[in-house]
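Okay, so here's the structure we're looking at.
The values are calculated or read from the model by the stated rules, or taken from the named source; none is laboratory data. Note that the structure is a prediction, hence the values are computed from the model and not measured. Ideal geometry is used to build each Cβ from the backbone, glycine not excepted, and the neighbour counts take in all protein chains shown.
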Amino acid sequence: MNANSLLAHFAGNTVRFSVEGKELGKALSFHFKHCAKKDEENPVLADYEVKALENGKFSASQNGELFFSALNFRAALWQLTQDAITQLNGAASKELVFHAAALSYQEDAVILCGKSGSGKSSLATWLVAEGLGYLTDEVISRPLGEQIIRGLSRSLVLKAGSAFIWQHWLADADPQSLLRFSDNSVWIEPTAFNPEAIKTSATPRLLIFPRYAPDVEAGLRTKRLSVADALFHLLQNLVNARNFDDHGFAETSRLAQQAVAHEIIFSDIEKASAWIKQKLITG
């Protein structure tokens, strides 16, 4: 078939998309632009072949077997992106993978660790707009025995309720730096805020467990966490524990000891971001 091909890499593994349909291929390339690879030096875990059908629908196979059939553009895009990330995360065996966003200042990193809905993508977007480097807003990897983290540098993903963020910072942005959907969610090219935003790795210095909650007094509440508490929260967000004999406990313990940990509850994203940035830059 006449298809666009894309390789996306994370945590030592690769997925491949061969896509029939210009707009779908363009959206995938936009999303995985900074994770893309031009070669196949890593194992290709999932090989997706996507065909365009009539009436704007798509079908896809994964490794030669039917993956989905007759989905519209948005549903097909969601299935492909979510499954690809799941495949990459779950297969990682030399790097621990955590649900977390990560930003950097010089060589130091702040990790925003939490499940979907915790506010990590919103905070990550605001902090990138404030000048921090971007590793990821979704998952980080921690290579065994190393002191660094890496990120899945996909596009920034904001739900409809966070539209005020990109509207505040990117009112005059190039339309090519945004991919907007009918549900008012948006994907944002991180370099729209700063051409040098993308970073490949950094050394964890600050570990934040955020939680958005409306009507928090003064907009922000913070709490310093012990190493034991940080370890407990990290283990709750460890994606690929089953791939390690000790379920990732030893390496997660080292990460918990390496970075200063805080829990924050916020309703004011400006206050929360300013506090995080100050902690990262000045300690």
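Residues considered: S155, S182. Of these, the only one that is surrounded by fewer than 18 Cβ atoms within 10 Å (Cβ to Cβ) and farther than 17 Å from H262 by Cβ is S182. Would you mind finding the one in S253, S273 that is surrounded by fewer than 19 Cβ atoms within 10 Å (Cβ to Cβ), assigned by TED's automatic domain parsing to the domain that holds F209, part of a helix (DSSP H, G or I) and of a type in the set (S, T, N, Q)? One residue alone meets the criteria, S253. Considering (1) part of a strand (DSSP E or B); (2) under 22 Å from F181 (Cβ atoms); (3) not charged (D, E, K, R), the lone condition that S104 does not fulfil carries the number (2).
Take the conditions (1) assigned to a strand (DSSP E or B); (2) surrounded by 19 or more Cβ atoms within 10 Å (Cβ to Cβ); N89 misses just one of them, which is (1). Residues in the range 187-217 that are acidic (D, E) and modelled with pLDDT of 95 or more: E189 alone. The residues on offer are R221, R211, R242, and the sole one that is free of Cβ contacts under 8 Å to residues at least 40 places away in the same chain and either surrounded by fewer than 17 Cβ atoms within 10 Å (Cβ to Cβ) or not basic (K, R) (or both) is R242.
When we screen S69, S61 for residues that are farther than 21 Å from I188 by Cα, of a type in the set (G, A, S) and touching a residue at least 12 places away in the same chain (Cβ under 8 Å), the only hit is S61. Please enumerate the residues belonging to the range 77-100 that are out of contact with any helix residue (DSSP H, G or I) (no Cβ under 7 Å at 6 or more places or on another chain), more than 15 Å from N240 (Cα to Cα) and among the hydroxyl-bearing types (S, T, Y). None; the set is empty. Of note, S118 satisfies the criterion of being of a type in the set (S, T, N, Q), more than 30 Å from G21 (Cα to Cα) and crowded, with 19+ Cβ neighbours inside 10 Å. When D215 is tested against (1) on the phi > 0 side of the Ramachandran plot; (2) of a type in the set (D, E, K, R); (3) in contact with a strand residue (DSSP E or B) (Cβ under 8 Å, 6 or more places away or on another chain), just one condition goes unmet, and that condition is (3).
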